[in-house]
Amino acid sequence: MAKKITVITRYFWPEGGGAEQATYLVVRDVLSQVGDVTVISGTRKPAVVNGVNYVHWNSLSRSSKSRVLLESMLRFGDIKRVIMESDIVYIPSNAVLPLAIPVRRVNPSAGLSFTSMISK
């Protein structure tokens, strides 16, 4: 039985830069090969990967990180069903890393994984 994997990221390739391209490649070359993947992002026209479901979440397309964080916390119910059905939740975007808290509350059995680029 394939794992249900959810990726929550502020931007998805072709928006963004190197980190977003790396996330796209991980989704395309690794995650899509081992499970059913859903990408939740603020990107309206993401690069297409066969077999991957996309959810445009308007809360992630706000202009500032603080606005993204506030609105995504207030509107978490919009993606709650997807999170509840996930076996793994991957959060590669540091702008939405605090979403790990409500993710854990609604689905304590989901494996959580995050990566974050910290600039010097």
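Is there any pair linking a residue in the range 28-40 that is touching a residue at least 24 places away in the same chain (Cβ under 8 Å) to one that is part of a helix (DSSP H, G or I) and surrounded by 18 or more Cβ atoms within 10 Å (Cβ to Cβ), with Cβ under 8 Å and at least six apart or on different chains, and which?
Val37/Val27; Val37/Leu31; Thr38/Val82; Val39/Val27; Ile40/Leu60; Ile40/Val82
Just give me the residues in the range 59-92 being basic (Lys, Arg) and in contact (Cβ under 8 Å) with a residue 24 or more places away in the chain, in sequence order.
Passing the criteria: Lys65, Lys80.
Arg81: in a helix (DSSP H, G or I), more than 15 Å from Asn107 (Cβ to Cβ), open to solvent by 30 Å² or more (accessible area, probe 1.4 Å) and not aromatic (Phe, Trp, Tyr), yes or no?
no
Looking at (1) open to solvent by less than 80 Å² (accessible area, probe 1.4 Å); (2) under 21 Å from Lys4 (Cα atoms); (3) in a helix (DSSP H, G or I), find the lone condition where Ser113 falls short.
(3)
Suppose we filter the range 6-19 for residues that are open to solvent by 30 Å² or more (accessible area, probe 1.4 Å) and in contact with a strand residue (DSSP E or B) (Cβ under 7 Å, 6 or more places away or on another chain); how many remain?
Final tally of qualifying residues: 1.
Before we move on, is Lys45 open to solvent by 30 Å² or more (accessible area, probe 1.4 Å), under 14 Å from the mean Cα position of the chain (by Cα) and under 26 Å from Val30 (Cα atoms)?
Against the criterion (open to solvent by 30 Å² or more (accessible area, probe 1.4 Å), under 14 Å from the mean Cα position of the chain (by Cα) and under 26 Å from Val30 (Cα atoms)), Lys45 does not qualify.
With respect to Thr38, is the statement that it is under 18 Å from Ala95 (Cα atoms), open to solvent by less than 60 Å² (accessible area, probe 1.4 Å) and touching a strand residue (DSSP E or B) at 6+ places or on another chain (Cβ under 9 Å) true?
No; evaluated as a whole, the condition is false for this residue.
The values are calculated or read from the model by the stated rules, or taken from the named source; none is laboratory data. For clarity, every value in this text was computed on a predicted model and none was experimentally measured. Cβ sites come from the backbone with ideal geometry, for glycine too, and all protein chains shown count toward neighbours. Each accessible area value is taken on the protein alone, full model and side chains, heavy atoms only, with ligands, DNA and RNA left out. Shrake-Rupley method; radii C 1.70, N 1.55, O 1.52, S 1.80 Å.
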